[in-house]
Ligand SMILES: [Zn+2]
(Lines give C-alpha, C1' and ligand atoms only; values in the text may rest on other atoms or scores of the structure.)
Protein backbone atom coordinates (compact mmCIF):
# COMPACT_ATOMS: atom_id res chain seq x y z
CA UNK A 1 0.00 0.00 0.00
CA UNK A 2 1.36 3.33 -1.09
CA UNK A 3 0.00 5.41 1.78
CA UNK A 4 0.52 8.16 2.62
CA UNK A 5 1.84 9.32 -0.77
CA UNK A 6 5.53 10.23 -0.68
CA UNK A 7 6.79 13.59 -1.87
CA UNK A 8 3.42 15.29 -2.22
CA UNK A 9 0.25 16.18 -0.32
CA UNK A 10 -2.84 13.95 -0.15
CA UNK A 11 -5.23 14.96 -2.93
CA UNK A 12 -9.01 14.60 -2.46
CA UNK A 13 -11.15 14.98 -5.59
CA UNK A 14 -14.89 15.71 -5.37
CA UNK A 15 -17.63 16.58 -7.82
CA UNK A 16 -21.20 15.88 -8.81
CA UNK A 17 -23.62 15.69 -11.71
CA UNK A 18 -27.05 15.09 -10.30
CA UNK A 19 -30.78 15.27 -10.68
CA UNK A 20 -33.79 13.08 -9.88
CA UNK A 21 -35.53 11.84 -13.01
CA UNK A 22 -39.29 11.39 -13.13
CA UNK A 23 -39.62 9.18 -16.20
CA UNK A 24 -43.33 10.05 -16.52
CA UNK A 25 -42.71 13.78 -17.03
CA UNK A 26 -42.79 14.60 -20.75
CA UNK A 27 -40.43 17.61 -20.37
CA UNK A 28 -36.82 16.51 -20.99
CA UNK A 29 -34.09 17.83 -18.69
CA UNK A 30 -31.76 19.78 -20.97
CA UNK A 31 -28.27 21.19 -20.47
CA UNK A 32 -29.72 24.64 -19.80
CA UNK A 33 -31.80 23.20 -16.94
CA UNK A 34 -28.62 22.40 -14.97
CA UNK A 35 -27.03 24.91 -12.65
CA UNK A 36 -23.36 24.29 -13.31
CA UNK A 37 -20.52 25.49 -11.10
CA UNK A 38 -17.16 25.18 -12.85
CA UNK A 39 -13.71 25.65 -11.36
CA UNK A 40 -13.43 29.41 -11.94
CA UNK A 41 -16.84 30.07 -10.41
CA UNK A 42 -16.15 27.71 -7.53
CA UNK A 43 -12.91 29.56 -6.77
CA UNK A 44 -14.83 32.85 -6.80
CA UNK A 45 -17.99 31.83 -4.92
CA UNK A 46 -17.66 28.31 -3.46
CA UNK A 47 -20.26 25.58 -3.58
CA UNK A 48 -23.90 26.32 -4.07
CA UNK A 49 -26.57 24.45 -2.12
CA UNK A 50 -24.47 21.32 -1.49
CA UNK A 51 -23.71 20.81 2.22
CA UNK A 52 -22.38 17.29 1.56
CA UNK A 53 -19.61 18.52 -0.75
CA UNK A 54 -18.95 21.45 1.56
CA UNK A 55 -18.49 19.09 4.52
CA UNK A 56 -16.09 16.86 2.57
CA UNK A 57 -14.06 19.95 1.69
CA UNK A 58 -14.04 21.12 5.31
CA UNK A 59 -12.86 17.75 6.63
CA UNK A 60 -10.21 17.51 3.90
CA UNK A 61 -8.74 20.90 4.80
CA UNK A 62 -8.98 20.09 8.53
CA UNK A 63 -6.50 17.25 7.94
CA UNK A 64 -4.19 19.52 6.00
CA UNK A 65 -4.94 17.67 2.75
CA UNK A 66 -5.55 19.23 -0.63
CA UNK A 67 -9.16 19.58 -1.81
CA UNK A 68 -9.57 19.31 -5.59
CA UNK A 69 -12.86 20.61 -6.98
CA UNK A 70 -14.17 18.80 -10.04
CA UNK A 71 -17.55 20.11 -11.16
CA UNK A 72 -20.93 20.71 -9.58
CA UNK A 73 -24.03 20.32 -11.79
CA UNK A 74 -27.55 20.05 -10.43
CA UNK A 75 -30.95 20.20 -12.12
CA UNK A 76 -34.36 20.52 -10.50
CA UNK A 77 -36.11 17.13 -10.92
CA UNK A 78 -37.93 16.75 -14.22
CA UNK A 79 -38.16 14.34 -17.16
CA UNK A 80 -35.49 12.10 -18.72
CA UNK A 81 -32.16 13.91 -19.20
CA UNK A 82 -31.15 14.45 -22.82
CA UNK A 83 -28.20 12.38 -23.95
CA UNK A 84 -26.28 15.54 -24.88
CA UNK A 85 -26.76 17.07 -21.42
CA UNK A 86 -25.81 13.96 -19.47
CA UNK A 87 -22.84 12.95 -21.60
CA UNK A 88 -21.59 16.54 -21.86
CA UNK A 89 -21.58 17.07 -18.09
CA UNK A 90 -20.26 13.57 -17.40
CA UNK A 91 -17.37 14.05 -19.80
CA UNK A 92 -16.61 17.47 -18.32
CA UNK A 93 -16.31 15.92 -14.84
CA UNK A 94 -14.13 13.09 -16.18
CA UNK A 95 -11.91 15.60 -17.97
CA UNK A 96 -11.44 17.54 -14.71
CA UNK A 97 -10.49 14.29 -13.00
CA UNK A 98 -7.91 13.43 -15.70
CA UNK A 99 -6.43 16.93 -15.43
CA UNK A 100 -6.00 16.53 -11.67
CA UNK A 101 -4.38 13.09 -11.53
CA UNK A 102 -2.91 11.73 -9.35
CA UNK A 103 -5.65 11.81 -6.72
CA UNK A 104 -5.81 9.67 -3.56
CA UNK A 105 -9.57 9.45 -3.10
CA UNK A 106 -12.70 10.46 -5.00
CA UNK A 107 -16.00 11.66 -3.53
CA UNK A 108 -19.15 11.75 -5.63
CA UNK A 109 -22.25 13.04 -3.82
CA UNK A 110 -24.81 12.06 -6.47
CA UNK A 111 -28.59 11.70 -6.47
CA UNK A 112 -28.98 8.08 -7.47
CA UNK A 113 -32.15 8.35 -9.58
CA UNK A 114 -30.84 10.03 -12.72
CA UNK A 115 -32.05 8.57 -16.01
CA UNK A 116 -30.87 9.81 -19.41
CA UNK A 117 -31.86 8.91 -22.97
CA UNK A 118 -30.40 5.45 -23.51
CA UNK A 119 -29.10 5.19 -19.93
CA UNK A 120 -31.31 3.82 -17.12
CA UNK A 121 -28.73 4.29 -14.39
CA UNK A 122 -26.54 7.33 -14.98
CA UNK A 123 -24.73 6.94 -11.66
CA UNK A 124 -23.53 3.43 -12.57
CA UNK A 125 -22.37 4.75 -15.94
CA UNK A 126 -20.60 7.72 -14.34
CA UNK A 127 -18.85 5.75 -11.60
CA UNK A 128 -17.80 3.07 -14.13
CA UNK A 129 -15.96 5.76 -16.07
CA UNK A 130 -14.52 7.37 -12.94
CA UNK A 131 -13.18 3.94 -11.97
CA UNK A 132 -11.59 3.57 -15.42
CA UNK A 133 -9.80 6.89 -14.94
CA UNK A 134 -8.47 6.34 -11.40
CA UNK A 135 -7.90 2.57 -11.56
CA UNK A 136 -8.76 -0.07 -8.97
CA UNK A 137 -6.59 1.23 -6.09
CA UNK A 138 -8.08 4.69 -5.51
CA UNK A 139 -11.11 4.57 -3.17
CA UNK A 140 -14.36 6.02 -4.53
CA UNK A 141 -17.04 7.18 -2.07
CA UNK A 142 -20.54 7.76 -3.38
CA UNK A 143 -23.49 9.27 -1.51
CA UNK A 144 -27.09 9.17 -2.71
CA UNK A 145 -30.37 10.84 -1.87
CA UNK A 146 -32.59 8.22 -0.21
CA UNK A 147 -34.96 8.55 -3.20
CA UNK A 148 -32.49 6.60 -5.33
CA UNK A 149 -32.15 3.33 -7.23
CA UNK A 150 -29.62 1.19 -5.36
CA UNK A 151 -28.13 -1.51 -7.60
CA UNK A 152 -25.73 -4.43 -7.30
CA UNK A 153 -23.70 -2.82 -10.08
CA UNK A 154 -22.97 0.22 -7.89
CA UNK A 155 -21.74 -2.01 -5.07
CA UNK A 156 -19.14 -3.42 -7.47
CA UNK A 157 -17.92 0.04 -8.47
CA UNK A 158 -17.83 2.13 -5.30
CA UNK A 159 -15.78 1.41 -2.19
CA UNK A 160 -18.41 2.97 0.06
CA UNK A 161 -22.00 3.99 -0.72
CA UNK A 162 -24.20 5.82 1.78
CA UNK A 163 -27.66 7.36 1.45
CA UNK A 164 -29.34 10.16 3.39
CA UNK A 165 -31.25 8.86 6.39
CA UNK A 166 -33.66 11.73 6.94
CA UNK A 167 -36.80 12.70 5.01
CA UNK A 168 -36.98 15.73 4.94
CA UNK A 169 -33.33 15.57 3.96
CA UNK A 170 -31.69 17.49 6.79
CA UNK A 171 -28.57 15.33 7.02
CA UNK A 172 -26.64 16.10 3.82
CA UNK A 173 -23.57 17.28 5.74
CA UNK A 174 -23.66 14.32 8.17
CA UNK A 175 -23.73 11.83 5.32
CA UNK A 176 -20.86 13.67 3.62
CA UNK A 177 -18.97 13.29 6.92
CA UNK A 178 -19.81 9.54 7.12
CA UNK A 179 -18.48 9.03 3.63
CA UNK A 180 -15.30 10.99 4.34
CA UNK A 181 -14.68 9.07 7.58
CA UNK A 182 -15.11 5.65 5.95
CA UNK A 183 -13.10 6.41 2.80
CA UNK A 184 -10.25 8.06 4.69
CA UNK A 185 -10.06 5.03 7.03
CA UNK A 186 -10.12 2.71 4.02
CA UNK A 187 -7.31 4.57 2.26
CA UNK A 188 -5.21 4.36 5.43
CA UNK A 189 -5.81 0.61 5.57
CA UNK A 190 -7.71 0.85 8.89
CA UNK A 191 -10.92 -0.71 7.53
CA UNK A 192 -11.99 -2.74 4.50
CA UNK A 193 -15.52 -1.57 3.72
CA UNK A 194 -17.59 -4.54 2.56
CA UNK A 195 -21.11 -3.94 1.25
CA UNK A 196 -24.26 -6.02 0.81
CA UNK A 197 -27.71 -5.09 -0.45
CA UNK A 198 -31.15 -6.47 0.35
CA UNK A 199 -34.28 -5.80 -1.72
CA UNK A 200 -37.09 -4.95 0.74
CA UNK A 201 -39.71 -5.67 -1.96
CA UNK A 202 -41.73 -2.55 -1.28
CA UNK A 203 -42.00 1.09 -2.38
CA UNK A 204 -43.68 4.12 -0.90
CA UNK A 205 -43.25 7.61 0.53
CA UNK A 206 -41.80 7.34 4.03
CA UNK A 207 -41.41 10.60 6.00
CA UNK A 208 -39.00 10.07 8.90
CA UNK A 209 -40.68 12.67 11.10
CA UNK A 210 -43.36 10.37 12.49
CA UNK A 211 -43.37 6.90 14.05
CA UNK A 212 -42.53 4.20 13.31
CA UNK A 213 -40.12 5.66 10.71
CA UNK A 214 -38.49 7.93 13.28
CA UNK A 215 -37.69 5.00 15.52
CA UNK A 216 -36.37 2.94 12.61
CA UNK A 217 -33.90 5.64 11.57
CA UNK A 218 -32.79 6.15 15.17
CA UNK A 219 -32.26 2.39 15.51
CA UNK A 220 -30.03 2.33 12.39
CA UNK A 221 -27.95 5.20 13.79
CA UNK A 222 -27.68 3.45 17.17
CA UNK A 223 -26.47 0.22 15.51
CA UNK A 224 -23.74 2.22 13.73
CA UNK A 225 -22.76 3.89 17.01
CA UNK A 226 -22.49 0.50 18.74
CA UNK A 227 -20.12 -0.63 16.00
CA UNK A 228 -22.34 -3.51 14.83
CA UNK A 229 -21.88 -2.22 11.27
CA UNK A 230 -19.81 0.54 9.69
CA UNK A 231 -22.90 1.97 7.98
CA UNK A 232 -26.55 1.25 7.26
CA UNK A 233 -28.53 2.98 4.51
CA UNK A 234 -32.19 2.54 3.70
CA UNK A 235 -32.92 3.61 0.13
CA UNK A 236 -36.62 4.49 0.12
CA UNK A 237 -36.46 4.38 -3.69
CA UNK A 238 -38.00 6.77 -6.21
CA UNK A 239 -41.35 5.41 -7.41
CA UNK A 240 -41.66 7.79 -10.38
CA UNK A 241 -38.48 6.44 -11.95
CA UNK A 242 -39.75 3.52 -14.03
CA UNK A 243 -36.49 1.55 -14.33
CA UNK A 244 -35.65 -2.07 -13.42
CA UNK A 245 -33.65 -1.03 -10.29
CA UNK A 246 -36.56 0.93 -8.73
CA UNK A 247 -37.45 -0.09 -5.18
CA UNK A 248 -36.77 0.18 -1.47
CA UNK A 249 -33.46 -1.48 -0.50
CA UNK A 250 -31.29 -1.88 2.59
CA UNK A 251 -27.52 -1.53 2.36
CA UNK A 252 -25.11 -2.64 5.08
CA UNK A 253 -21.38 -1.94 5.22
CA UNK A 254 -19.11 -4.00 7.49
CA UNK A 255 -15.36 -4.21 8.03
CA UNK A 256 -14.18 -6.97 5.74
CA UNK A 257 -16.93 -9.42 6.62
CA UNK A 258 -19.23 -10.21 3.67
CA UNK A 259 -21.32 -12.74 5.57
CA UNK A 260 -21.98 -10.18 8.31
CA UNK A 261 -22.85 -7.52 5.72
CA UNK A 262 -25.33 -9.85 4.01
CA UNK A 263 -26.84 -10.83 7.35
CA UNK A 264 -27.20 -7.19 8.49
CA UNK A 265 -28.72 -6.06 5.16
CA UNK A 266 -31.23 -8.91 5.28
CA UNK A 267 -32.13 -8.49 8.96
CA UNK A 268 -32.60 -4.74 8.76
CA UNK A 269 -34.37 -5.05 5.40
CA UNK A 270 -36.85 -7.58 6.74
CA UNK A 271 -37.32 -5.50 9.88
CA UNK A 272 -38.32 -2.57 7.67
CA UNK A 273 -40.48 -4.77 5.46
CA UNK A 274 -42.42 -5.85 8.55
CA UNK A 275 -43.42 -2.18 9.03
CA UNK A 276 -44.67 -1.81 5.43
CA UNK A 277 -48.33 -1.13 6.26
CA UNK A 278 -47.59 1.27 9.11
CA UNK A 279 -44.94 3.33 7.30
CA UNK A 280 -46.95 3.79 4.11
CA UNK A 281 -48.29 7.32 3.93
CA UNK A 282 -51.98 7.44 3.13
CA UNK A 283 -52.77 10.97 1.95
CA UNK A 284 -56.29 12.43 1.78
CA UNK A 285 -58.04 13.33 -1.46
CA UNK A 286 -58.14 17.00 -2.42
CA UNK A 287 -61.70 17.52 -1.14
CA UNK A 288 -61.19 15.55 2.07
CA UNK A 289 -57.95 17.43 2.80
CA UNK A 290 -59.52 20.87 2.28
CA UNK A 291 -62.67 19.91 4.25
CA UNK A 292 -60.52 18.83 7.15
CA UNK A 293 -58.31 21.92 6.99
CA UNK A 294 -61.24 24.34 6.83
CA UNK A 295 -62.99 22.63 9.75
CA UNK A 296 -60.04 23.38 12.04
CA UNK A 297 -60.71 25.95 14.77
CA UNK A 298 -57.22 27.31 14.77
CA UNK A 299 -54.71 28.16 12.06
CA UNK A 300 -52.50 27.96 10.25
CA UNK A 301 -53.27 24.47 8.95
CA UNK A 302 -50.60 23.47 6.41
CA UNK A 303 -51.78 21.30 3.50
CA UNK A 304 -49.11 19.60 1.38
CA UNK A 305 -50.08 19.43 -2.31
CA UNK A 306 -47.89 16.36 -2.82
CA UNK A 307 -49.04 15.63 -6.36
CA UNK A 308 -47.57 18.86 -7.75
CA UNK A 309 -44.23 18.85 -5.93
CA UNK A 310 -41.55 20.11 -8.35
CA UNK A 311 -39.00 18.39 -6.10
CA UNK A 312 -40.33 15.08 -7.46
CA UNK A 313 -40.43 16.28 -11.05
CA UNK A 314 -43.98 17.68 -11.14
CA UNK A 315 -44.49 20.88 -13.15
CA UNK A 316 -45.37 23.08 -10.17
CA UNK A 317 -48.07 24.92 -12.05
CA UNK A 318 -51.13 22.81 -11.28
CA UNK A 319 -54.28 24.73 -10.47
CA UNK A 320 -56.47 22.07 -8.84
CA UNK A 321 -55.94 23.19 -5.24
CA UNK A 322 -56.29 26.91 -6.02
CA UNK A 323 -59.44 26.33 -8.09
CA UNK A 324 -60.96 24.33 -5.22
CA UNK A 325 -60.15 27.07 -2.68
CA UNK A 326 -61.69 29.74 -4.95
CA UNK A 327 -64.79 27.62 -5.55
CA UNK A 328 -65.26 27.30 -1.81
CA UNK A 329 -64.88 31.06 -1.34
CA UNK A 330 -62.00 30.42 1.09
CA UNK A 331 -60.54 33.48 2.81
CA UNK A 332 -57.39 33.99 4.88
CA UNK A 333 -55.52 31.38 2.86
CA UNK A 334 -52.14 31.34 1.12
CA UNK A 335 -50.78 29.05 -1.59
CA UNK A 336 -47.28 28.66 -3.04
CA UNK A 337 -45.47 28.42 -5.32
CA UNK A 338 -47.12 28.32 -8.73
CA UNK A 339 -44.46 28.28 -11.44
CA UNK A 340 -45.47 30.81 -14.09
CA UNK A 341 -42.77 33.15 -15.48
CA UNK A 342 -45.27 34.98 -17.75
CA UNK A 343 -47.48 35.96 -14.83
CA UNK A 344 -44.48 37.02 -12.70
CA UNK A 345 -43.35 39.33 -15.53
CA UNK A 346 -46.90 40.66 -15.99
CA UNK A 347 -47.25 41.40 -12.27
CA UNK A 348 -43.82 43.03 -12.14
CA UNK A 349 -44.67 45.29 -15.08
CA UNK A 350 -48.03 46.26 -13.58
CA UNK A 351 -46.54 47.01 -10.15
CA UNK A 352 -47.73 46.63 -6.57
CA UNK A 353 -51.35 47.69 -6.10
CA UNK A 354 -52.31 47.09 -9.74
CA UNK A 355 -55.32 44.97 -10.62
CA UNK A 356 -54.62 42.61 -13.49
CA UNK A 357 -56.35 39.86 -15.42
CA UNK A 358 -54.15 36.79 -15.47
CA UNK A 359 -54.12 33.40 -17.11
CA UNK A 360 -52.41 31.54 -14.28
CA UNK A 361 -50.77 28.10 -14.26
CA UNK A 362 -52.02 25.00 -16.06
CA UNK A 363 -49.56 25.52 -18.90
CA UNK A 364 -47.10 22.65 -18.61
CA UNK A 365 -49.23 19.64 -19.36
CA UNK A 366 -52.45 17.78 -18.79
CA UNK A 367 -51.57 16.95 -15.18
CA UNK A 368 -51.50 20.66 -14.32
CA UNK A 369 -55.24 21.17 -14.87
CA UNK A 370 -56.68 24.14 -16.75
CA UNK A 371 -55.11 27.61 -16.65
CA UNK A 372 -57.17 29.87 -14.37
CA UNK A 373 -58.48 33.06 -15.97
CA UNK A 374 -58.91 35.29 -12.94
CA UNK A 375 -58.67 38.87 -11.68
CA UNK A 376 -55.83 39.48 -9.27
CA UNK A 377 -54.39 42.30 -7.19
CA UNK A 378 -50.60 42.54 -7.18
CA UNK A 379 -49.69 42.65 -3.47
CA UNK A 380 -45.95 42.22 -3.63
CA UNK A 381 -43.11 41.66 -6.08
CA UNK A 382 -39.62 40.40 -5.28
CA UNK A 383 -36.85 40.11 -7.90
CA UNK A 384 -34.90 37.54 -5.87
CA UNK A 385 -36.90 35.48 -3.38
CA UNK A 386 -34.80 33.04 -1.31
CA UNK A 387 -35.87 30.45 1.23
CA UNK A 388 -34.11 28.55 3.98
CA UNK A 389 -34.14 24.76 3.80
CA UNK A 390 -33.10 24.04 7.40
CA UNK A 391 -30.35 21.43 7.84
CA UNK A 392 -29.11 19.91 11.08
CA UNK A 393 -25.92 21.90 10.52
CA UNK A 394 -27.69 25.24 9.89
CA UNK A 395 -29.57 27.09 7.18
CA UNK A 396 -29.26 26.22 3.50
CA UNK A 397 -30.40 29.10 1.30
CA UNK A 398 -32.28 28.13 -1.85
CA UNK A 399 -33.04 30.72 -4.54
CA UNK A 400 -36.64 30.83 -5.82
CA UNK A 401 -36.18 33.34 -8.64
CA UNK A 402 -38.37 36.40 -9.14
CA UNK A 403 -41.78 36.17 -7.50
CA UNK A 404 -45.08 37.98 -7.11
CA UNK A 405 -47.86 37.77 -4.55
CA UNK A 406 -51.30 37.89 -6.16
CA UNK A 407 -54.46 38.28 -4.07
CA UNK A 408 -57.07 36.18 -5.89
CA UNK A 409 -60.42 36.06 -4.13
CA UNK A 410 -59.43 35.44 -0.52
CA UNK A 411 -56.19 33.62 -1.33
CA UNK A 412 -52.67 35.08 -1.43
CA UNK A 413 -50.88 33.17 -4.17
CA UNK A 414 -47.09 33.24 -4.54
CA UNK A 415 -46.09 32.87 -8.19
CA UNK A 416 -42.43 32.39 -9.14
CA UNK A 417 -40.38 32.21 -12.30
CA UNK A 418 -38.12 29.37 -11.08
CA UNK A 419 -39.56 25.86 -10.62
CA UNK A 420 -39.10 24.76 -7.07
CA UNK A 421 -40.82 23.30 -4.04
CA UNK A 422 -41.61 25.05 -0.78
CA UNK A 423 -39.07 24.31 1.97
CA UNK A 424 -40.18 26.89 4.52
CA UNK A 425 -42.35 29.89 5.42
CA UNK A 426 -39.82 32.30 3.80
CA UNK A 427 -41.69 31.67 0.54
CA UNK A 428 -44.61 33.55 2.10
CA UNK A 429 -42.98 35.93 4.63
CA UNK A 430 -40.49 36.99 1.94
CA UNK A 431 -43.50 38.01 -0.16
CA UNK A 432 -45.23 40.13 2.50
CA UNK A 433 -47.58 37.42 3.73
CA UNK A 434 -48.16 36.96 7.48
CA UNK A 435 -48.31 33.17 7.71
CA UNK A 436 -49.44 33.15 11.34
CA UNK A 437 -52.53 35.18 10.41
CA UNK A 438 -53.65 32.61 7.81
CA UNK A 439 -56.06 29.81 8.58
CA UNK A 440 -54.82 27.68 5.72
CA UNK A 441 -51.53 27.45 3.80
CA UNK A 442 -51.15 25.15 0.78
CA UNK A 443 -47.56 24.23 -0.11
CA UNK A 444 -46.36 22.39 -3.21
CA UNK A 445 -44.09 19.84 -1.51
CA UNK A 446 -44.24 16.19 -0.46
CA UNK A 447 -42.31 16.32 2.82
CA UNK A 448 -39.36 18.76 2.70
CA UNK A 449 -41.64 21.57 3.95
CA UNK A 450 -42.16 19.71 7.20
CA UNK A 451 -39.13 20.78 9.24
CA UNK A 452 -39.70 24.52 8.92
CA UNK A 453 -43.51 24.47 9.05
CA UNK A 454 -44.06 21.99 11.89
CA UNK A 455 -43.18 24.55 14.61
CA UNK A 456 -45.79 27.06 13.37
CA UNK A 457 -48.54 24.81 11.95
CA UNK A 458 -51.62 24.04 14.05
CA UNK A 459 -51.95 20.87 11.97
CA UNK A 460 -50.28 19.30 8.91
CA UNK A 461 -52.36 17.49 6.29
CA UNK A 462 -50.90 15.42 3.44
CA UNK A 463 -53.03 15.82 0.33
CA UNK A 464 -52.87 13.41 -2.60
CA UNK A 465 -54.88 15.40 -5.12
CA UNK A 466 -54.67 15.09 -8.88
CA UNK A 467 -51.30 15.91 -10.46
CA UNK A 468 -48.13 14.58 -12.02
CA UNK A 469 -46.88 12.70 -8.93
CA UNK A 470 -50.11 11.61 -7.27
CA UNK A 471 -48.74 9.80 -4.23
CA UNK A 472 -50.74 6.56 -4.35
CA UNK A 473 -48.23 3.96 -5.53
CA UNK A 474 -50.72 1.72 -7.33
CA UNK A 475 -51.86 4.72 -9.47
CA UNK A 476 -48.38 5.16 -10.97
CA UNK A 477 -48.33 3.59 -14.47
CA UNK A 478 -45.11 1.62 -13.86
CA UNK A 479 -44.18 -0.83 -16.61
CA UNK A 480 -40.47 -1.55 -16.41
CA UNK A 481 -40.05 -1.74 -12.64
CA UNK A 482 -40.45 -5.10 -10.91
CA UNK A 483 -43.82 -4.88 -9.13
CA UNK A 484 -43.45 -8.01 -7.05
CA UNK A 485 -43.57 -5.55 -4.18
CA UNK A 486 -45.89 -4.19 -1.53
CA UNK A 487 -48.43 -2.58 -2.10
CA UNK A 488 -49.05 -4.49 -5.36
CA UNK A 489 -48.41 -7.76 -3.55
CA UNK A 490 -49.61 -8.01 0.03
CA UNK A 491 -46.85 -10.37 1.21
CA UNK A 492 -44.07 -10.55 -1.44
CA UNK A 493 -41.79 -12.78 0.68
CA UNK A 494 -44.48 -15.45 1.17
ZN1 LIG B 1 -35.07 12.89 -1.97
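Looking at residue 465 and the list (1) within 30 Å of residue 394 (Cα to Cα); (2) more than 16 Å from the ligand (Cβ to nearest atom), which single condition is not satisfied?
Going through the list (1) within 30 Å of residue 394 (Cα to Cα); (2) more than 16 Å from the ligand (Cβ to nearest atom), residue 465 breaks only (1).
Count, please, the residues in the stretch 224-236 that happen to be in contact with a strand residue (DSSP E or B) (Cβ under 7 Å, 6 or more places away or on another chain), touching a residue at least 12 places away in the same chain (Cβ under 8 Å) and away from the ligand (no atom under 16 Å from the Cβ). I'd like the intermediate steps shown before the answer.
Looking only at the stretch 224-236, we keep the residues that are in contact with a strand residue (DSSP E or B) (Cβ under 7 Å, 6 or more places away or on another chain), and these are 224, 229-235.
Add one more test, that the residue is touching a residue at least 12 places away in the same chain (Cβ under 8 Å), and what stays is 229-235.
Then drop every residue that is not away from the ligand (no atom under 16 Å from the Cβ), which leaves 229-232.
Total meeting the criteria: 4.
Residue check: is residue 182 part of a helix (DSSP H, G or I), surrounded by fewer than 21 Cβ atoms within 10 Å (Cβ to Cβ) and either under 20 Å from the mean Cα position of the chain (by Cα) or away from the ligand (no atom under 16 Å from the Cβ) (or both)?
Details: part of a helix (DSSP H, G or I): yes; surrounded by fewer than 21 Cβ atoms within 10 Å (Cβ to Cβ): no; either under 20 Å from the mean Cα position of the chain (by Cα) or away from the ligand (no atom under 16 Å from the Cβ) (or both): yes.
Criteria not met by residue 182.
Which of the numbered conditions does residue 391 fail, given that it passes all the others? Conditions: (1) farther than 26 Å from residue 470 by Cα; (2) within 20 Å of the chain's Cα centre (by Cα); (3) surrounded by 23 or more Cβ atoms within 10 Å (Cβ to Cβ).
Here residue 391 clears every test but (3).
Taking residue 215, is it in the same structural domain as residue 121 (by TED's automatic domain parsing), at positive phi and either out of contact with any strand residue (DSSP E or B) (no Cβ under 9 Å at 6 or more places or on another chain) or assigned to a loop (DSSP other than H, G, I, E, B) (or both)?
No; evaluated as a whole, the condition is false for this residue.
Does residue 305 count as closer than 24 Å to residue 468 by Cα and either assigned by TED's automatic domain parsing to the domain that holds residue 404 or within 16 Å of the ligand (Cβ to nearest atom) (or both)?
On the way: closer than 24 Å to residue 468 by Cα: yes; either assigned by TED's automatic domain parsing to the domain that holds residue 404 or within 16 Å of the ligand (Cβ to nearest atom) (or both): yes.
Here the answer is yes, as residue 305 does meet what is asked.
Does the stretch 120-137 hold any residues that are over 26 Å from the mean Cα position of the chain (by Cα) and surrounded by fewer than 19 Cβ atoms within 10 Å (Cβ to Cβ), and which are they?
Keep residues of the stretch 120-137 that are over 26 Å from the mean Cα position of the chain (by Cα), which gives 132-137.
Residues satisfying the conditions are 132, 133, 135, 136, 137.
Considering only the stretch 129-151, how many residues are assigned to a loop (DSSP other than H, G, I, E, B), within 20 Å of residue 230 (Cβ to Cβ) and within 12 Å of the ligand (Cβ to nearest atom)?
2
Please indicate, with yes or no, whether at least one residue in the stretch 456-463 is buried (at least 23 other Cβ atoms within 10 Å of the Cβ) and not assigned by TED's automatic domain parsing to the domain that holds residue 168.
Within the stretch 456-463, one or more residues are buried (at least 23 other Cβ atoms within 10 Å of the Cβ) and not assigned by TED's automatic domain parsing to the domain that holds residue 168.
Counting only residues that are crowded, with 24+ Cβ neighbours inside 10 Å and not in a loop (DSSP other than H, G, I, E, B), which one in the stretch 152-162 is nearest to the ligand (Cβ to nearest atom)?
162
Would you say residue 70 is away from the ligand (no atom under 16 Å from the Cβ) and out of contact with any helix residue (DSSP H, G or I) (no Cβ under 8 Å at 6 or more places or on another chain)?
no
Six or more apart or on different chains, Cβ atoms under 8 Å: show the pairs whose first residue is in the stretch 237-262 and outside the structural domain of residue 197 (by TED's automatic domain parsing) and whose second is assigned to a loop (DSSP other than H, G, I, E, B) and within 16 Å of the ligand (Cβ to nearest atom).
none
The values are calculated or read from the model by the stated rules, or taken from the named source; none is laboratory data. No experiment lies behind these values; they were computed from the predicted model shown. Note: ideal-geometry Cβ built from the backbone for every residue, glycine included; neighbour counts use all protein chains shown.
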